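Every number here is computed from the coordinates shown, using simple stated rules; none is lab data. For clarity, every value in this text was computed on a predicted model and none was experimentally measured. Glycine also receives a Cβ, built like all others from the backbone with ideal geometry; neighbour counts cover every protein chain displayed.
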Amino acid sequence: MQPVIIMRGVKLLADERILLSHGAGGLKTQRLIREVFQKNLGNAYLQQELDSALIKFSSHKIAFTTDSYVVSPIFFPGGDIGKLSVCGTVNDLAVMGAKPLYLTLGLIIEEGLPVEELDKLMFSLGNTAREAGVQIVAGDTKVVEHGACDKIFINTSGIGIVPPNLDLRPQKMVPGDKIIVSGPVGNHGIAILAARESLDFSPPLASDCTYLNYLIDGVLNTGASIKCMRDPTRGGLATTLNELAQQANLGIKLHEEALPVQPQVKGACSMLGLDPLYLANEGKVIIVVANKDARQVLEEIRKYDIGKNASIIGEVTDAHCSKVVMETELGTLRVLRMLEGDPLPRIC
Amino acid sequence: MLKLKLNKITVKKLLKGINNESHIRIMEVCGTHTMAIAKAGIKQLLPANIELISGPGCPVCVTAQEDIERILILAKKREVIITTFGDMLRVPGSTGSLQEMQAQGADVRIVYSPLDAVNLARNNPEKEIVFLAVGFETTTPTVAFALEDAHKTGVDNFSIVCMHKLVIPALKALLSDQETEIHGFLLPGHVSTIIGTIPYEFIPREYQRACVVSGFEPGDILESILFISRQLENADYKVENQYKRGVKTEGNKIALEIMDKYFTPFNSLWRGMGEIKDSGLRLRPEYVQYDAIFKFGLQDTLVQLAPSGCICGNILKGILKPEECALFSKMCTPAFPVGPCMVSSEGACAASYYYAGGEVIGR
Amino acid sequence: MCVAVPAKVLKVEEPWAEVDLEGTTFKINMMLTPEVKVGDYVLIHAGFSIQHLSPDEAKDTLQLWEEYYAQIETK
């Protein structure tokens, strides 16, 4: 006797378990943060939902942040989980205007990981930290049973000092401000997907994983009127701009022809039915700057190798508040929604 | 060179050629056209008298609930690895979606090509690899080749849940349904690379509708709409091939042959449209060892659908629009989809949800 | 219903062809289009090339858009 199944036709069961899509950076992540974390842990710092918390210690403003890294595979074209764990946290500090100084390092290692691989990762991590000008000052290591984690999970927390007069927040954005992205988007997301699914692109698609603190320092030193900065990681450029638009309660208008995407990323994405605007970046910064200073900031960013393809991609507007709208190459308008789940390759 | 870029000026010129002022309803049959139209904001460029309606060419959207439930049963089996295109991962079933089953420990893997599923079977002899064979005629030949690969190399721990469907029977069903008033069809360019243009000829001949086989660039779609508009203006109904660079009149003979070798048509159930004669494919009896439903004894799975307010059926037939559904963007969103038109990113509802709004946003 | 993209064939090692995705390449199965040669353009879907693309037809279409439709405005 075959089972008779009654279909529940109403709204699908609200997530009773944590799903991978809760970590994708889009709406599900947002809901999780608000309904579980903010609810239980909430305080003024967390409620700001910034990349780093800004804490006043006597006369100094300290930026303090944390991030965990669980990427698989742990070695990928363009980097590895070690390099990523330094760059990600350094960037979270740098976009707040902080000079990144010290990192802590927490490792959860799966029993059975070859020491040689761990050594390679720490070599990469150490090198990246030195290049970025930060020091790992405290650490912890735990080893768990085989199967309890996927090879290695890394947590880094970081602190940096913010110059006293610097105040970067989405709430400082005004209509007319320009939006700059420091380079082509989607590289990290497609590189990880290809590596994980063994899609052998040749040459392999490489992550853009890098530290942005020197570039950002250069931008801030121009004296330009910077309103805020973000690094568009999980969820991609579109998701991060949606967050900015919502937090500022203003609209953002993008111009499709100005969006930088590498041809090979475009090609791979179109083959897999993916949109580069929703794929993660680990070496890019979005800068919102007053219109009058936009050109100057663009020129400064382009001086850096990692910023040579920077582009002014759009502007802040008082139309369609909290929404991101893109003007296509044909002159039509398209709403860019926030990512809902995680980007999946499509055939249909 | 093979991506044909259209600039704003050429768009204006192309649109000027659309002189027809009567109210024209054009159905884009293929989900990829729905996406392309939504992404490019084509509806914003067209004169108000031209209406574009999405059709049933979304394989995920029209997959019967019975098939979804069977897949979920298979996913729960410890010895089974489900291999699938990404599109199927979030389709809701009574116990969740495949993605949710993954969270509960089911082994579900996304593959880019059906051949990857056969390779997985080869490398995991102790497991049963089940591939979710969904798609229209563009995809079916690739699955047929995967079966050929399994067959020729003796891979017997590989099977498919065969949900392939055919476009022509669906078009016949649509046209004989009095409720759907469609003047012209934007025909699926990629399906046509396989089946050619001749199978569509019954449409102008028996039903006097305009037909254009269209490519997927915004320029292709606009030009195809122009061709349809002209056909209607001159009452000159025919099957025109706008996608000449990709579609040959005779299609792809090798693809048609291998499809025929492994599959045979049968009356299949289309979600929202009911049973359509000869509209689905199933494995020929001599290849039944590759049919996962038979292999695992799930032929008699029954499903009763509780009413939910979902009107995907009417949306697939082009009778109603996503915005006319009471659940659209309130109870039914891509994060919490009620019906399949919202789950598949090329479903009419998902396309409308993600990309629309451009029409109402002022400059 | 079908995500398929054009790509140029760079190398053929039957039944695989290496195709150009503008800066990177990918191996696809060419058994559905066995007569494919280096330099040909194909449409790729689900790891296969499903049809030849004709650059001449592509050129004609583009020319049509740029030249023929230009006449419509001046009429």
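Each of B:Y237, B:L6, B:A103 was placed along the dipole of chain B (beta-carbon charges, centred on the mean Cα), and the one lying farthest toward the positive end is B:L6. Can you show me the helix-derived [θ] at 222 nm for chain C, built from DSSP H runs with n ≥ 4 at -39,500 (n - 2.57) apiece and divided by the number of residues, rounded to the nearest 500. Counting only the DSSP helices, I get -5000 deg cm²/dmol. Only helices enter the 222 nm calculation for chain A: every DSSP H run of n ≥ 4 contributes -39,500 (n - 2.57), and dividing by all residues gives -8000 deg cm²/dmol, rounded to 500. Legend: residue pairs A:K266/B:K39; A:K178/A:K323; A:K323/B:K330; A:K39/A:K227; B:K43/B:K321; B:K43/B:K317, Cα-Cα distance threshold 24 Å; pairs beyond threshold, A:K39/A:K227.
With Cα atoms as the point set, segment A:51-162 shows a radius of gyration and Dmax of 14.5, 48 Å. For the protein assembly as shown, the alpha carbon convex hull comes to 166 Å³ per residue, rounded to a whole number. Out of every Cα-Cα pair in chain A, what percent are more than 40 Å apart? Every Cα pair in chain A considered, those over 40 Å come to 12 percent. The spacing between segment A:233-249 and segment A:127-145, judged by their C-alpha centroids, is 29 Å. Treat every Asp and Glu Cβ in chain A as -1 and every Lys and Arg Cβ as +1, leave all other atoms uncharged, and give the resulting dipole magnitude about the Cα centre to the nearest 20 debye. Dipole magnitude for chain A comes out near 920 debye. Simple point charges give the picture: +1 on the Cβ of Lys and Arg, -1 on the Cβ of Asp and Glu, and for segment A:189-292 a dipole about the Cα centre of about 320 debye.
For segment B:17-309, the alpha carbon convex hull comes to 143 Å³ per residue, rounded to a whole number.
Here the contact order of chain B, divided by its residue count and restricted to Cα pairs under 8 Å and six or more residues apart, works out to 22 percent.
One quarter of the convex hull surface built on the alpha carbon atoms of segment B:31-186 amounts to 11.3 nm², the projected area averaged over directions. Each Cα pair under 8 Å and six or more residues apart adds its separation to the average, and for chain C the resulting relative contact order is 25 percent. The magnitude of the dipole of the protein assembly as shown, with charges of +1 and -1 set on the Cβ of Lys/Arg and Asp/Glu and taken from the Cα centre, is near 1520 debye.
Think of segment C:5-74 as having a plus end and a minus end, set by charges on the Cβ of Lys, Arg, Asp and Glu; of C:I50, C:W16, C:P34, C:W16 sits farthest toward the positive end of this dipole. Once you reduce segment B:146-200 and segment A:273-348 to the center of their Cα atoms, the two points are 38 Å from each other.
Tell me what chain B gives for mean residue ellipticity at 222 nm when only DSSP H runs of n ≥ 4 count, each as -39,500 (n - 2.57), the sum divided by the residue total, rounded to 500 deg cm²/dmol.
Working: 16 runs with 133 residues, N = 363.
Value at 222 nm, helices only: -10000 deg cm²/dmol.
By the rule of a C-alpha distance below 19 Å, with chain neighbours fewer than 8 residues away ignored, the aspartates and glutamates paired with C:K8 are A:D200, B:E217, C:E18, C:D20, C:E22, C:E35, C:D40, C:D56, C:E57, C:D60. For chain B, the share of DSSP beta bridges that are antiparallel, to the nearest 5, is 20%. Which is farthest toward the positive dipole end of segment A:51-162 among A:L84, A:C149, A:M96, measuring Cα position about the Cα centre, with Cβ charges +1 (Lys, Arg) and -1 (Asp, Glu)? Of the options given, the answer is A:M96. With both residues required to sit in the protein assembly as shown, DSSP beta bridges show an antiparallel share near 60%.
Size descriptors for segment C:5-74: radius of gyration and Dmax over Cα atoms are 15.1, 52 Å. Once C-alpha pairs closer than 8 Å and six or more residues apart are averaged by separation and normalised to the residue number of chain A, the relative contact order reads 22 percent. When the GluC sites (Glu not before Pro) in segment A:19-115 are filtered for DSSP coil states and for at most 12 other beta-carbon atoms within 10 Å of their beta-carbon, the remaining sites are A:E111. Between rounded, prolate and oblate, where does segment A:170-335 land on the alpha carbon gyration tensor, with a ≥ b ≥ c its root eigenvalues, rounded for a/c under 1.5, else prolate if a/b exceeds b/c? The shape class here is oblate.
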